[in-house]
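Below is one structure, written out as structure tokens, with a few remarks after it.
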Amino acid sequence: MNRRIVTAVGVCVLVLGAGLSADLWAGEKNPVVLVQIPYEAPPKQQEVPDVSVPPNTNPLTPEEMTRAEALLPLLEGKQEFWAMGEFVHLGEPSVPALVKGLTMPSPRIRYNTIETLSMMKGVSGVPALLQAAKDPNELPRVREHALRVAIRLDAAKTPEAIEVMSKDQNPSVRKAAAFESRYVRLKAVIPTLIPMITDDERFVAMSALHSLWIVTRHETEFHDWDTSTKQDRQAWASEWVEWWASNKEAFEIPEPRRSGRSS
């Protein structure tokens with residue numbers, strides 16, 4: 001008599017033991033035999049050796065600095081990613097050459113200079129980034145990126161640039177200042193953000209308000225900010241002004257909220 005052999009893991013035996021086999025195999029003429037095969041763990045993955053070249057930490061010689069400056073025009077075009085990688089390999093000592101890219105005529109070179117500083121974590125380039133962020137003659141997208149990277153590298157140096165940008169004529173620059181402020185956990189940004197609640201552009205005002213909530217966690221009276229007019233926001237902003245006047249001396253930035261996910 002033919003028998004059908006079905007291989008399965010041990011849990012299948014439990015299924016049959018629970019009396020479910022009759023439902024699962026109803027109508028079968030031949031009996032069913034479950035066979036449990038031994039579990040074999042997969043082989044351990046072999047460690048892959050680290051063959052990457054660490055960034056340079058030694059000061060550049062004058063000749064090496066000259067070669068680094070020669071890379072700047074290559075930050076635009078087919079070799080831009082290679083040039084960025086070369087600067088990353090040269091490391092922090094190449095920052096004095098790299099930041100010269102922030103004054104070059106090509107917006108692409110200026111933008112990629114900022115991106116390269118971000119990639120190499122070039123903290124010493126933050127003052128040059130903030131200068132670009134505050135420059136009213138610079139393109140808004142370059143200014144916004146300069147501020148964003150500067151905050152990630154050294155947030156403590158950025159409040160003054162945020163204040164300058166908060167009063168810029170271009171609303172997208174003001175919005176960048178309002179939005180990025182939420183990543184600067186310093187009391188210095190609060191007096192800059194409060195007046196921005198009354199900005200002519202609602203999207204700027206809302207960004208400032210959300211940043212205030214994130215930085216301070218101060219709960220105000222309920223208002224329909226989403227549909228508010230500038231006149232509404234001017235009236236409601238007085239609540240923030242009064243709160244800050246009463247609390248600025250003793251106020252401390254609260255700890256950032258932790259994710260609910262377990263690590």
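Going through the range 238-263 one residue at a time, which ones are at pLDDT 85 or above and either in a helix (DSSP H, G or I) or surrounded by 13 or more Cβ atoms within 10 Å (Cβ to Cβ) (or both)? Answer for the range 238-263, where residues must be at pLDDT 85 or above and either in a helix (DSSP H, G or I) or surrounded by 13 or more Cβ atoms within 10 Å (Cβ to Cβ) (or both): S238, E239, W240, V241, E242, W243, W244, A245, S246, N247.
Test A128 against the criterion of being under 17 Å from L75 (Cα atoms) and at pLDDT 95 or above, and give yes or no. No, not satisfied.
Within the range 45-56, is even one residue at pLDDT 75 or above and surrounded by 11 or more Cβ atoms within 10 Å (Cβ to Cβ)? Yes, the range 45-56 contains at least one residue that is at pLDDT 75 or above and surrounded by 11 or more Cβ atoms within 10 Å (Cβ to Cβ).
Might you let me know whether the range 142-155 holds any residue that is assigned to a loop (DSSP other than H, G, I, E, B) and touching an Asp or Glu at 6+ places or on another chain (Cβ under 6 Å)? Taking every residue of the range 142-155 in turn, none turns out to be assigned to a loop (DSSP other than H, G, I, E, B) and touching an Asp or Glu at 6+ places or on another chain (Cβ under 6 Å).
I need the full set of residues from the range 157-187 which are in contact (Cβ under 8 Å) with a residue 60 or more places away in the chain and under 17 Å from the mean Cα position of the chain (by Cα), in order please. The one that is in contact (Cβ under 8 Å) with a residue 60 or more places away in the chain and under 17 Å from the mean Cα position of the chain (by Cα): R185. Pairs are defined by a Cβ separation below 6 Å, a sequence spacing of at least 6 or placement on different chains, a first member in the range 99-123 that is more than 15 Å from A133 (Cα to Cα), and a second member that is of a type in the set (V, I, T); the pairs so defined are M119/V88; M120/V88; G122/V95. Of the residues T220, T158, T192, T216, the single one that is on the phi < 0 side of the Ramachandran plot, at pLDDT below 95 and crowded, with 16+ Cβ neighbours inside 10 Å is T216. Of the residues making up the range 103-156, those that are over 15 Å from the mean Cα position of the chain (by Cα) and more than 26 Å from P54 (Cα to Cα) number 21.
Scanning the range 83-117 for residues that are within 19 Å of H145 (Cα to Cα), in contact with a Phe, Trp or Tyr (Cβ under 6 Å, 6 or more places away or on another chain) and not aliphatic (A, V, I, L, M) yields a total of 1.
Scanning the range 180-215 for residues that are of a type outside the set (A, V, I, L, M) and closer than 14 Å to K167 by Cβ yields S181, P191, T192, P195, T198, D199, D200, E201.
The values are calculated or read from the model by the stated rules, or taken from the named source; none is laboratory data. As the structure is a prediction and not an experimental result, all values here were calculated from the model. With ideal geometry, Cβ positions are generated from the backbone for all residues, glycine too; neighbour counts draw on all protein chains shown.
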